[in-house]
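Some notes on the structure that comes next.
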Amino acid sequence: MEGTTNFRGGLQQKADAIADSCVRCGKCFEVCPMAEPAGLGSADPGRVLTGVVDILRTGSGPLEATKWAEVCSHSGFCVDVCDYGVDPRLMLILARFSLKRDAVDRREQGRENFQDMVRATQVLPRLQLSADDLERLSPRRWTEDQPPDLIFYTGCNILRTPHIALLCLDVLDALELRYAIYGGPANCCGILQFRPGDADNAGRQAYATIKRFAETGTSEVVSWCPTCMIQIGETVLPVYEKTEGAAGFEMSMMAVFLARHIDILKGLFHNRVEKRVALHEHPGSSGVTDAVRMLLEAIPGLEFIDLDQPRAGYMCNSLSGLPDYRRELHDLQLHAAKSAGVETLAGIYHACHRDLCSHEKDWPFEVVNFMELIGEAIGVDRPDVFKQLKKLQNIDAIVAQSREMIDYYDLNINEVREVVAKNMVGEQSLPLKGSRQEYEA
């Protein structure tokens, strides 16, 4: 595909333009929440930025610059402080890519990442959903004469916690919107190939997804996943449009989109939700935290509690470069939620929910996604089977409880066990109290 060559070349053009524009003032480094926990607190900001520019130009640079690029969690604070038209977040995305673009195993690593995602998003929803609900979440090409009001772009991994995706559809239905559903492995954003440095396959995947969006004629793609939003909206789409022409749509995050419809939603909030609610948040997606808070504060009976915690990353898994720091942040927030006497700790994103939900076993509050509270206010309930299973914390028990679904979908039991071990029980940044993981930590 010609577009993949254009993508690879376009990325380098972006990197070169950023390298030319950056004045190495260091403001972006100074506001980065990852620098201190990464051991870079005493580093000279100007020297670090000079090293990042070297990476953009040559694919290598000094240790401090390399470390900063590798631990970047896309928090976004850097974007607001640059006075010279540079997008520091994109700068670090491209620096990290430049460090890996010549890796000999980049294609194999990208393939393994993609296959792991496909397996998890095939097995886990089938442990949780009826055939009708599974079909409802399945993407299909838009064939109607009139464009949809929007495309709801689920991304891939929300399918691991499908009750969240179903709640999004329920709310869109309540708003009486015509929407197309796109997502899953067939409409991947290409991030799993991009991360290990495989520009060709990343470009091929993302360009195909963009073309599918564009052919519907929609003017707006509403993304659930912040990874997809950054990868397509900030990294791929500008390169695509320079060589392929305007895509014809804008992108926004689901929470921001819903906040634009707050007046209609208020009229749909028929049920009081008498709960003290704190928010597990990340700053990386612009406007999302403010939008979620606006939505929650509009729910009758709900009392919002600001825990005033450190803010970093765009989702919990974006902090994977510093696992100790991620555990520290989780521990701080759980204790803060208990001290504040909250009844509910509400997360925003699917990856955060997978990581945090089983802590409900150990703390005097429930752990939910914010869409569950919106659903409760509207009068829609979607059981969180993922949380029910993960709280068992035992592969045999999870398989036993899921036996009916395993048999119904004729799933391979060994594959189920592997997926549960890796993609359910294994996703636990902060060990549960009394677990073997806690004692080994």
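The values are calculated or read from the model by the stated rules, or taken from the named source; none is laboratory data. Small disclaimer: the values here were computed from a predicted structure and weren't measured. A quick note on method: Cβ atoms are made from the backbone with ideal geometry, for glycine too, and the neighbour counts reach across all protein chains shown.
In the set ARG293, ARG326, which member is surrounded by 22 or more Cβ atoms within 10 Å (Cβ to Cβ), closer than 29 Å to CYS28 by Cβ and modelled with pLDDT of 95 or more? Even if it seems obvious, please write down each step before you answer.
Details: ARG293 fails: surrounded by 22 or more Cβ atoms within 10 Å (Cβ to Cβ).
Of the residues listed, the single one that is surrounded by 22 or more Cβ atoms within 10 Å (Cβ to Cβ), closer than 29 Å to CYS28 by Cβ and modelled with pLDDT of 95 or more is ARG326.
Mind checking which residues of region 222-241 are of a type outside the set (A, V, I, L, M, F, W, C) and either touching a Pro at 6+ places or on another chain (Cβ under 8 Å) or touching a residue at least 12 places away in the same chain (Cβ under 8 Å) (or both)? Walk me through it before giving the result.
So the first thing to find is which residues in region 222-241 are of a type outside the set (A, V, I, L, M, F, W, C), and the list is 223, 226-227, 231, 233-235, 238, 240-241.
Passing the criteria: SER223, PRO226, THR227, GLN231, GLY233, GLU234, THR235, PRO238, TYR240.
So for region 126-138 (the condition being in a helix (DSSP H, G or I), polar (S, T, N, Q) and on the phi < 0 side of the Ramachandran plot), does at least one residue qualify?
Step one: list which residues in region 126-138 are in a helix (DSSP H, G or I), which gives 126, 131-136.
Filter again for polar (S, T, N, Q), leaving none.
No: zero hits.
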Original post:
Quick one: VAL277 ticks every box in (1) in contact with a Ser or Thr (Cβ under 6 Å, 6 or more places away or on another chain); (2) modelled with pLDDT under 95; (3) among the β-branched types (Val, Ile, Thr) bar one, so which box is it?
Top reply: (2)
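Given the condition outside the structural domain of ALA95 (by TED's automatic domain parsing), closer than 20 Å to SER252 by Cα and touching a residue at least 60 places away in the same chain (Cβ under 8 Å), answer yes or no: does some residue in region 177-193 qualify?
The answer is yes, given that some residue of region 177-193 is outside the structural domain of ALA95 (by TED's automatic domain parsing), closer than 20 Å to SER252 by Cα and touching a residue at least 60 places away in the same chain (Cβ under 8 Å).
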Original post:
Do any residues in region 409-431 that are among the hydroxyl-bearing types (Ser, Thr, Tyr) have Cβ atoms under 9 Å from those of residues that are outside any helix (DSSP H, G or I) and surrounded by fewer than 19 Cβ atoms within 10 Å (Cβ to Cβ), where the two are at least six apart or on different chains, and which pairs are they?
Top reply: SER429/SER320
Original post:
Looking at GLU250, is it acidic (Asp, Glu), in the same structural domain as ALA351 (by TED's automatic domain parsing), surrounded by fewer than 21 Cβ atoms within 10 Å (Cβ to Cβ) and in contact with a strand residue (DSSP E or B) (Cβ under 7 Å, 6 or more places away or on another chain)?
Top reply: no
**OP:** Among the residues of region 110-164, count how many are surrounded by fewer than 17 Cβ atoms within 10 Å (Cβ to Cβ), of a type in the set (Val, Ile, Thr) and closer than 20 Å to ARG204 by Cβ.
**Re:** 1
Original post:
Which number in (1) hydrophobic (A, V, I, L, M, F, W, C); (2) touching a residue at least 40 places away in the same chain (Cβ under 8 Å); (3) under 21 Å from LEU63 (Cβ atoms) marks the one condition that PHE7 misses?
Top reply: (3)
Subject >> Output for region 329-350, where each listed residue is buried (at least 22 other Cβ atoms within 10 Å of the Cβ) and either small (Gly, Ala, Ser) or outside the structural domain of TYR314 (by TED's automatic domain parsing) (or both) >> reply: ALA337, ALA346, GLY347
